[in-house]
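Here's the structure we're looking at; comments come further down.
The values are calculated or read from the model by the stated rules, or taken from the named source; none is laboratory data. Because the structure is predicted, anything quoted here is derived from the model rather than measured. Note that each Cβ is placed from the backbone with ideal geometry, even for glycine, and that neighbours are counted across all protein chains shown.
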Amino acid sequence: MSPAANTPQPPTRLWSRNFILVSLTNLFQALVFYLLVTAMALYAVNEFQASEVMSGLAVSGFVLGSVLARLFTGQAMEFIGRRRTLLVSMALFLVASALYLTVDSLGMLIAVRVLHGVTFGAASTVVATAVQGMIPPQRRSEGTGWFGTSTTVATALGPLLAFQLTDRFGFDSLFILCTVVSGIGLVSAALVHLPAAPRPEDGSHPGFSLLRILSRPAVPVSLVILLSGLAYSGVLAFLNGYAQEQGISPTSASLFFVVYAVVLVLSRFIVGPAHDRYGDNAVVFPLLACLAVAMAVLALWPAVPGLLIAAVLCAFGFGALLTSLQSVAATVVPPFQIGVATSTYFLMLDVGIGLGPILLGSLLPVTGFSGMYLGLAGFVLMTTGVYWLAHGRRAQHRPGRGHQ
């Protein structure tokens, strides 16, 4: 078998039917995640009188399940196929969404959260991998950015719908909506045609191996997103508490995420094309700088204008960085290893966002909110150095970046 037979021809058009369908599938998955993560701690407390630790476990159990799934999904796609992996995980994602309606104990809730996280981790890894084969090589970063916009929409819409539904109709209405959205996501996944996974040039089919759980070439850049995710988790976990301490109303504080989502969508017109044209370092260094400045603004300007400026900077500093580094992770490996590289990347992201609130929460009694955010500004500057050592010093701009 010739190498040409093992390598699918790259697409020439970005906005294809399959690209739109896989982005919609990602939107429905992410929407369920953000619908539930916003309300889960309160649900555990209200329904099962959970302690702070156990209510936190009800939230983080999902992340734990997702991390476990990402360890094996990269190789599962190679072993049993992308389409089969996606359809099985999306079917189980639908089942897990419906199981919330049957939960009658805190232990069962945590078990469902872990199962739900496993299905989410598997499905999201498949779509994030498959979409790379739907993007023209010369528009890699731009296409990855537009694909990530589906998550951005869910980030803004999910918490808003969760608050409205639980306040007016109770938690069951939220679980019903999640089940319906999961069903639509399954239909969308069934309609999309996933490009075949590329094979090595010798035509061999890689077998399962514990040594291949992580993609070693993708680990350095994935470490950068782990550290960046840890920093941004300080916003996700503690912004509301910080706003309350400063006398900022919840409504005003929620504007942070609205501004974040709007600016992030607009950034897709700039960051992705710039990345494809000028290379990795020309984009990643400014984005990391934006994240560092955002943390400093939160620390030093604890008022509504400061929050909104920080939201703009976070949209560039973390939101745009997330998809830019994902495209980098996809270009440091040959095409047949993109699945494991994507799995490695999102595994590291999950670890950063999952561990961040625990580590930062333990520091809060000493630093306070302002001190924590100021410390995170310095931490992100350190991460800039990590990026240089891990990837930046070797990054070279190539037209249509990546292994083709």
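D104 passes every criterion in (1) in a helix (DSSP H, G or I); (2) out of contact with any helix residue (DSSP H, G or I) (no Cβ under 8 Å at 6 or more places or on another chain); (3) within 29 Å of Y43 (Cβ to Cβ) apart from (1).
Residue selection: A30 satisfies the criterion of being at pLDDT 80 or above, under 26 Å from V153 (Cβ atoms), within 16 Å of the chain's Cα centre (by Cα) and buried (at least 19 other Cβ atoms within 10 Å of the Cβ). Residue check: T151 meets all listed conditions (1) under 30 Å from G317 (Cβ atoms); (2) modelled with pLDDT under 80; (3) of a type in the set (S, T, Y) but one, namely (2). What do you reckon, is S182 at pLDDT 95 or above and under 20 Å from the mean Cα position of the chain (by Cα)? It is true that S182 is at pLDDT 95 or above and under 20 Å from the mean Cα position of the chain (by Cα). Residues in region 246-273 that are in a helix (DSSP H, G or I), over 23 Å from L321 (Cβ atoms) and not small (G, A, S): P250, T251. The helices (runs of 4 or more DSSP H) found entirely in region 278-363 that carry 1 or more residues being surrounded by fewer than 18 Cβ atoms within 10 Å (Cβ to Cβ) are 280-300, 304-314.
This table checks each residue for (1) more than 14 Å from Q326 (Cβ to Cβ); (2) at pLDDT below 85.
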| residue | (1), (2) |
| --- | --- |
| L194 | yes, yes |
| R199 | yes, yes |
| S204 | yes, yes |
| G207 | yes, yes |
| I213 | yes, yes |
| A218 | no, no |
| L226 | no, no |
| Y232 | yes, no |
| F238 | yes, yes |
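Do we find a residue being surrounded by fewer than 22 Cβ atoms within 10 Å (Cβ to Cβ) and closer than 25 Å to G356 by Cβ anywhere in region 96-105? No, region 96-105 has no match at all.
So in region 151-167, with the set limited to residues that are surrounded by 18 or more Cβ atoms within 10 Å (Cβ to Cβ) and polar (S, T, N, Q), which one is nearest to the chain's Cα centre (by Cα)? Restricting to residues being surrounded by 18 or more Cβ atoms within 10 Å (Cβ to Cβ) and polar (S, T, N, Q), the top hit is T151.
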